[in-house]
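Here the structure is laid out as structure tokens; the discussion comes afterwards.
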Amino acid sequence: MKKQNWAFGIVICLGLSLLGQSFRMLRNEELAFSFVIQNLLYNFSFGLGCWYLHQTLLRQQQKIRSQYLSYLFSTISIIGIGATVFLYDYLFIVFFGEGMKLPEIFGDNKTINLFVRGVLVSGFTFFILYYLLLLYEKQQHSLEIEKLKQIQLVADISSLKEQLSPHFLFNTLNTLSSLTQEKSVKDFVSELANVYRYMLAYNKQNKATLEQELSFMESYLYILKTRLGDAINIEVKVDSDLIKHRIPPMTLQLLIENAVKHNIASLNSPLQIKVWTKSPDQLIVSNNFRPRNSTQYSSGIGLSNLMQRYQLLFGKDILIEKTSEIFIVKLPLCNI
């Protein structure tokens, strides 16, 4: 829970106080009006105190990963907070006098009865708050799923607007390849087909392995190098132990495309792009920063959408570092 739910807590505690007082009225107990007010104030303030303490401790309990320790923490919280009833009892007796003592806790069993009352109220408020917490987490999970669906829908719509019929395109590429005997042209067409095939295969997927992304990037880089030649230099150094880790599909293509689109690349001053892994579980993409005066229009999902996908899929953030000389994007690698 991100904030104290005071309004609901006040209603619950007030309801419990009135409920407890109604039981005495049903038993036809003759109670003075001042005593009724004191008793309502006693029960209400103790219940509200339990509400505040449990809500505070539940935030700490969320950080506990062990289920056993979480249950133990809950039990100790219920008993510990319930035991504060003795402090409330003492303070109210001091403030209102001995007339504050309730008939049902007279006698030798006063301590036990008072403790049981405190634990019952404490336990009741805990389980209400715990139930509200479960509802809140379920709601947040549903919202995250809906956000991811919306992002995926935007990407799908953009892809549908840009792509031709898959069969038509592949047939066209095959025809083009058969029309030439030049190996360079055949290789270019083959790599272009690999790029398009990967984009179709992972268009609706949320995750791809780093190995799959690097294989796709080889075809994409072949096309880039054919177009730009020595105006672009790309260096890839990836730890083989991390190639089974996962990232969102076409992440590398997006970052490299952004680097090419936003920076000057020429034979005299080549664009330097580096892709490498860093322990623990981090992929880094960097390029020398020489921004163009104007950039071309892009209909891709964009860096901001990539950041949202990372947060929704893995619960992790992308780190972006930029200086006057270099632009760096640090991507978490997830082993899930």
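For this structure, a couple of remarks:
- Computed from the C-beta positions of Ile320 and Leu18, the FRET efficiency with R₀ = 56 Å rounds to 0.50.
- Order of Trp51, Trp276 under a 10 Å beta carbon neighbour criterion, fewest first: Trp276, Trp51
- Taking other C-beta atoms within 10 angstrom as a stand-in for reagent exposure, Leu333, Leu176 fall in the order Leu176, Leu333, fewest first.
- Here the relative contact order of region 202-332, from alpha carbon pairs under 8 Å that lie six or more residues apart, stands at 24 percent.
- One chain, two ends: Asn174 and Glu257. Fully extended at 0.36 nm per residue, the span grows by 27.3 nm beyond their Cα-Cα distance.
- Amide H to amide H, with H built 1.01 Å from N, Asn263 comes under 5 Å of Arg292, counting only residues 5 or more places away or on other chains.
- Legend: distances between Cα atoms for Lys149/Lys207; Lys225/Lys261; Lys147/Lys261; Lys207/Lys237; Lys274/Lys330; pairs beyond 18 Å are Lys147/Lys261; Lys207/Lys237.
- Multiplying the residue separation of Tyr90 and Leu134 by 0.36 nm and removing their Cα-Cα distance gives an extension gain of 12.3 nm.
- Taking the number of Cβ atoms within 10 Å of each Cβ as an exposure proxy, the fewest-first ranking of Ser269, Ser66, Ser122 is Ser66, Ser269, Ser122.
- Region 231-336: GluC sites (Glu not before Pro) falling in loop per DSSP and having at most 10 other Cβ within 10 Å: Glu325
- Zone residues, region 235-257, relative to Ile284, backbone N less than 18 Å from point 7 Å out along Cα-to-Cβ: 235-243, 252, 255-256
- Under 5 Å, built H, 5+ apart or other chain: amide partners of Leu331: Leu283, Ile284, Val285
- In sequence order, region 312-317 has phi-based couplings of 6, 7, 10, x, 10, 10 Hz under the Karplus curve 6.51 cos²θ - 1.76 cosθ + 1.60, θ = phi - 60°, and Gly or Pro positions carry x.
- Evaluating 6.51 cos²θ - 1.76 cosθ + 1.60 at θ = phi - 60° for every residue in region 43-58, the Karplus couplings come out as 5, 5, 5, 5, x, 5, x, 4, 4, 5, 5, 5, 5, 5, 6, 5 Hz, glycine and proline recorded as x.
- Couplings 3J(HN,Hα) of region 276-284, computed from phi: 8, 9, 9, 6, x, 6, 9, 10, 10 Hz, in residue order, whole Hz [Karplus 6.51 cos²θ - 1.76 cosθ + 1.60, θ = phi - 60°; x for Gly and Pro].
Where a number appears in this text, it was derived from the coordinates with a stated rule and is not lab data. On a predicted model such as this, the values are computed, not experimentally measured, just so you know. In this analysis, Cβ positions are derived from the backbone assuming ideal geometry, glycine residues included, and neighbour counts consider all displayed protein chains.
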